[in-house]
2 protein chains.
Amino acid sequence: MGFWQGYYTVFEMNINPQIKRIASNMSVCMENKMNDKVHMAALFYPGNIAVIGASTTFGKWGQVIFSNIMAGGFKGNVFPVNPKGGKMFGLNVFRCVKDIPDAVDLAFITTPAETVPGLLEELGEKNVKGAVVITSGFSETDASGKKREREITRVARKNNIWIIGPNTMGVICPHAGLFATGSHPRPQKGSVAFISQSGNLGNQLVHWAEQQGVGISLFVGSGNEAMLTCPDYLEYLENDPHTRIIVLYVENVADGIRFMETASRINRKKPVILLKGGSTQAGKKAAASHTGAMSGEDAIFKGACRQAGILNVNVPSDLLSLSAGFSSLPLPMGNRVGIVTLGGGWGVVTADECTREGLVIPEIPDRIVAKIGKYLPEFWSKGNPVDLVGTRNLEAPVVAVEELMKWDGIDAVICLGIIGRHELVKQLLESTGQADPDASPEFLTQVEKMGREFEEGFIARMAVFMETYKKPVIGVSMAGTGKGVVRPVPESRYSGVMYQTPETAVNVLAGMVSYSRFLLKNRSRLSVH
Amino acid sequence: MGFWQGYYTVFEMNINPQIKRIASNMSVCMENKMNDKVHMAALFYPGNIAVIGASTTFGKWGQVIFSNIMAGGFKGNVFPVNPKGGKMFGLNVFRCVKDIPDAVDLAFITTPAETVPGLLEELGEKNVKGAVVITSGFSETDASGKKREREITRVARKNNIWIIGPNTMGVICPHAGLFATGSHPRPQKGSVAFISQSGNLGNQLVHWAEQQGVGISLFVGSGNEAMLTCPDYLEYLENDPHTRIIVLYVENVADGIRFMETASRINRKKPVILLKGGSTQAGKKAAASHTGAMSGEDAIFKGACRQAGILNVNVPSDLLSLSAGFSSLPLPMGNRVGIVTLGGGWGVVTADECTREGLVIPEIPDRIVAKIGKYLPEFWSKGNPVDLVGTRNLEAPVVAVEELMKWDGIDAVICLGIIGRHELVKQLLESTGQADPDASPEFLTQVEKMGREFEEGFIARMAVFMETYKKPVIGVSMAGTGKGVVRPVPESRYSGVMYQTPETAVNVLAGMVSYSRFLLKNRSRLSVH
């Protein structure tokens, strides 16, 4: 039975009024035919931008968005628009859009809901391609809000303006130097795209991305999705050269079949990692009052995700940790894990977690035991997990990781405590300086430097090993090195990844194994048919 | 059926050679009769300390332990012992223990395994009460190591010296100003005791405790437990006035019945939170090569924990997050949760997680909706979760939390995004200062101060509410405020607790609900009989 055949069977088996409603909504979505990639690209890579409702009143949306775009270093022109005119942020303020002398691709609208239809007409006259409607007070509120939303959609369609939102937190496109959200993190350029139906969850993801060093290609708070919907963004990302991983937070999957078809197709090229809020009764109720949306049928949704190989996670932090792994590491080709640990306890809990997540810890051959054993005291574990029994031999962890990676009996290595040990050394240096009047400050500085350089060197070696052996190495550091999860290596397409807990490393590895299995299965199926 | 009756039934149902072996080991443990609390207290609150093998060679165990004790500010005398004599850290070095002029309660031994029996004889002559044997090379290695371990136990018993270890990472007792582990964190004084059979896992816990602000009463790396075993430490902690919460990492539960009896008894007074490494086949194998111990029967162990109301977690980070909650918050008396969130998405995923963990999100009465509604725009969610729809009204979150806590229909509040929003404000202030040449620096400073003060004030209010209503409020902050999870409030017995993810907050609350249910059930059972 082919993939789509099975997929549709799931749907047919569950035909009920809810599904019929979804299917009838779908035709509306399909009508939109948002397939003009160039038009979409203008929204994320605009030439010039207008901010309607721009303000200097600290904390007003018009000030928040405007200051963010300006401070973020956007290279095009940014035109503040406000009927009051005058000067703002050192720039001339335009009383209305049509006064702007230059062409404008994208407008941010922060003025009250009732002003939006009129503004869209003006934007249409100016041939503006897109509007990010920050303004709330639409379908997330009440019946009259729903009516207002239909109205702005109608006006936007008529004027060939594509709307992001309304009720959106904004967009970030680091490759375009565009930072235009309600909060002001500046995640670096990278390959992960986040689409979030929730503004604050999206914000948290972007903040985490900044703090953890996960590079992003795009963030869109899709808001109420009056016009552009998740599948539209997905279709754009399918061909976006910067995007390699797609992360979605959705509550509303009203356009269920198109969403699943699109996500499934794209997932074969770029991993789609998804969290669906409102998966339980209590969550569903909360979601209904939040985005004003009824959730689709969960069992069907989950089943369809599983069949499509889409990673469907339960909590926001998983979205970020998986992003870090997928964007920084090669895919594992199987589920056999080598564990290298500075101390025994970590090896034990990691082996336990691997087993719970369906990963296996194979025995290693005697010749590898012998090779690693040369660098370790006689009483070491002589097996997998490789317990380095706290050795201070700096070659030991490198040799252990490489020997495991070389061997075709394992598919990935988890490496615990090597990175982050330096934090312990720094505390020891501090104590020594404090307690020992005879300790030489030069010596202490030298030790600190050596430790730091060892860690940098170790991460670089791991990147080389990943390149050579095409297998991931996932690190677990001791508590907070203050350097984030992703540790880029110059000139390398892979980065060091250092999670703070063994369970995060195992969870990410299990997710990557599941995705790679899906791809392999899918490929072999394609080659059979 | 009474508790113990049920408990023994579980055991009887599973009588097998493994259990018989455990039972026969037990009699050996019982012989020890380690019930002299005064003797044990001398190990953690010693008058003077000797460090045997003290050294100035950076990174040697004798240097690591010695510099840690010195820099940690231990108030008693610390005597370095080394046959080389001379001076060290500005102190006279004693060639052997008997040269020390003062009384010594506790000795740390870092010299090679073969020196330990002789040293214990010397310590006996000096009436030293305890020895922390850092030295490895005992039962964790091979048959001759096991023999050495039996030998040191024999010599120690003969001399009435109590041994911690061997192969231990050391001890920390902040209330005694004693920091004597291989790594040098300085967690603050508090009420959580950690007993860990794994040194590196223990280290990680103590590091996290330091970084997250979890105050501890004791840390013991119990090592090979040649003499003092987990149940001995538990019995001590049962009556230790500083300890209110007990956290255990165990791999070896060879003295199974005594362990479970002790832990169960204590858990009725002080929550026992436990992680058992080696719960899966792969983990068990790793554990066997690590502490040289065979794990007990897992199913029995788990069942016994469940019946005894002991929280049995799977991953180390749960130990810490639960410690933070139990030590800082009042116990919830039921599973009904009020959610207050700055934005809708968080409310949705939190409601989902609550449902998955068996917590319920009750509807709130109209009068409470009306009261909260006064502080919010018309279109707010009007239900639980209370979505504050990003309001900037600073009273709104305070009123929402208090109204929920007042109501007898809920047992706990989870509060998302209120704390940590200031991090967003700080980024906005930075952008504003950067982008707006007319922004007044004084104004920006003032806003920063107000935001900071609001958060401090909010946390203080939460502590007052907890005192008043005897219900916990658990916070979830935006990414890293850099201030740790536990935020103490002066003059209050409760602290603010700010986890970084909704799932951690829910998981901790579920753990606390489970413990409180166990207590309630247990009390009512006691009152019936």
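Here are the numbers:
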{"item": "Paired Rg and Dmax values of the range A:103-203, which use every Cα atom, in angstrom", "result": "14.1, 41"}
{"item": "Point-charge dipole on Cβ atoms (K/R +1, D/E -1) for chain A, about Cα centre, debye to 20", "result": "1360"}
{"item": "Of B:TRP61, B:GLY417, B:TYR494, farthest towards positive along the dipole that unit charges on Lys, Arg, Asp, Glu beta carbons give chain B", "result": "B:TRP61"}
{"item": "Long-range Cα-Cα pairs in the range A:313-378 (distance over 20 Å), rounded percent", "result": "48"}
{"item": "Pair-distance profile P(r), taking every C-alpha pair of the range B:370-440, with 5 angstrom steps and integer %", "result": "3, 14, 22, 18, 14, 10, 8, 6, 3, 1, 0"}
{"item": "Label spacing, shortest first and in nm, from A:GLU453 to its equivalents in the remaining copies (7 angstrom along Cα→Cβ)", "result": "5.0"}
{"item": "Along principal axes, Cα extents of the range A:218-359, largest first, whole Å", "result": "54, 39, 25"}
{"item": "Within 10 Å of each Cβ in A:433-441, the average number of Cβ atoms from other chains", "result": "5"}
{"item": "For residues of A:378-384, the mean tally of beta carbons on other chains within 10 Å", "result": "4"}
{"item": "Under 18 Å, Cα to Cα: Lys pairs in the range A:49-155, sequence gap 8 or more or different chains", "result": "6"}
{"item": "Rounded to 5, the percent of DSSP beta bridges in the range A:101-230 classed as antiparallel", "result": "30"}
{"item": "Percent antiparallel among DSSP beta bridges (both partners in the protein assembly as shown, rounded to 5)", "result": "15"}
{"item": "Dipole of the range B:160-273, positive end: most advanced residue of B:GLY223, B:GLN212, B:SER183 [Cβ charges, Cα centre]", "result": "B:GLN212"}
{"item": "Spin-label pair A:ARG306/B:MET450, simplified geometry with 7 Å Cα→Cβ offset, distance in nm", "result": "5.3"}
{"item": "Helix A:298-308 vs. chain A, principal-axis angle (Cα, 0 to 90°, nearest 10)", "result": "60"}
{"item": "Estimated Rh, the protein assembly as shown: Kirkwood, alpha-carbon pairs, angstrom", "result": "30.9"}
{"item": "Cα-only Debye scattering, the range A:90-143: base-10 log of I(q)/I(0) at q = 0.15, 0.32 Å⁻¹", "result": "-0.46, -1.39"}
{"item": "Dipole magnitude of the range B:285-400, debye to nearest 20 (Cβ charges: Lys/Arg +1, Asp/Glu -1, about Cα centre)", "result": "160"}
{"item": "Sequence-distant lysines (8 or more away, or on other chains) whose Cα lies within less than 27 Å of A:LYS521", "result": "A:LYS269, A:LYS270, A:LYS276, A:LYS302, A:LYS406, A:LYS470, A:LYS471"}
{"item": "Euclidean distance between Cα centres, the range A:461-497 to the range A:314-357, Å", "result": "13"}
{"item": "Per-residue Cβ neighbour rank within 10 angstrom, fewest leading, A:LEU359, B:LEU91, B:LEU376", "result": "B:LEU91, B:LEU376, A:LEU359"}
{"item": "Chain B - Rg and Dmax from Cα coordinates, angstrom", "result": "26.2, 81"}
{"item": "Debye intensity ratio I(q)/I(0), log10, the range B:363-516, q values 0.12 Å⁻¹ (C-alpha model)", "result": "-0.56"}
{"item": "Least to most buried among B:VAL464, A:VAL369, A:VAL38 (fewest other Cβ within 10 Å first)", "result": "A:VAL38, B:VAL464, A:VAL369"}
{"item": "C-alpha long axis of helix B:256-267 to longest principal axis of chain B, angle in °", "result": "40"}
{"item": "Fewest-first ranking of A:LYS471, A:LYS382, using other Cβ atoms within 10 Å as the exposure measure", "result": "A:LYS382, A:LYS471"}
{"item": "Dipole magnitude of the range B:86-185, debye to nearest 20 (Cβ charges: Lys/Arg +1, Asp/Glu -1, about Cα centre)", "result": "140"}
{"item": "Those lysines that a straight Cα-Cα span of less than 17 Å connects to B:LYS382, excepting residues fewer than 8 apart in one chain", "result": "A:LYS284, A:LYS285, B:LYS371, B:LYS374"}
{"item": "Label point distance in nm, B:LYS521-B:ASP298, each placed 7 Å from Cα along Cα→Cβ", "result": "2.3"}
{"item": "DSSP loop GluC sites (Glu not before Pro) with at most 11 other Cβ within 10 Å: longest gap in chain B", "result": "B:1-362"}
{"item": "Angle between chain B longest axis and helix B:441-469 axis [Cα atoms, degrees, rounded to 10]", "result": "70"}
{"item": "The range B:403-456 - Rg and Dmax from Cα coordinates, angstrom", "result": "16.4, 53"}
{"item": "7 Å along Cα→Cβ, label-point gaps from A:ASN92 to other copies, nm, shortest first", "result": "8.8"}
{"item": "Dipole of chain A [Lys/Arg +1, Asp/Glu -1 at C-beta], most positive-end residue of A:GLY343, A:ALA287, A:ALA107", "result": "A:ALA107"}
{"item": "Antiparallel DSSP beta bridges within chain B, percent to nearest 5", "result": "15"}
{"item": "Average other protein chain Cβ within 10 Å of Cβ, residues A:185-191", "result": "1"}
{"item": "Estimated FRET transfer efficiency when R0 is 22 angstrom, pair B:GLU114-A:LYS374 (beta carbons, to 0.05)", "result": "0.35"}
{"item": "Mean projection area, nm², convex hull over Cα of the range A:175-246", "result": "4.5"}
{"item": "Dimensionless Rg ratio for the range A:117-269, taking C-alpha atoms and the 2.2 N^0.38 Å reference", "result": "1.04"}
{"item": "Contact order relative to length of the range A:408-476, as percent, for alpha carbon pairs under 8 angstrom and 6 or more apart", "result": "61"}
{"item": "B:THR468 versus B:ASP366: modelled label distance in nm, points set 7 Å from Cα along the beta carbon direction", "result": "2.6"}
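Values quoted throughout were computed directly from the atomic coordinates according to the rules given, and no laboratory measurement underlies them. Just so we're clear, the structure is a prediction, and the values are computed from it rather than from any experiment. Because the Cβ atoms are built from the backbone with ideal geometry, glycine has one as well, and the counts that use them run over all protein chains shown.
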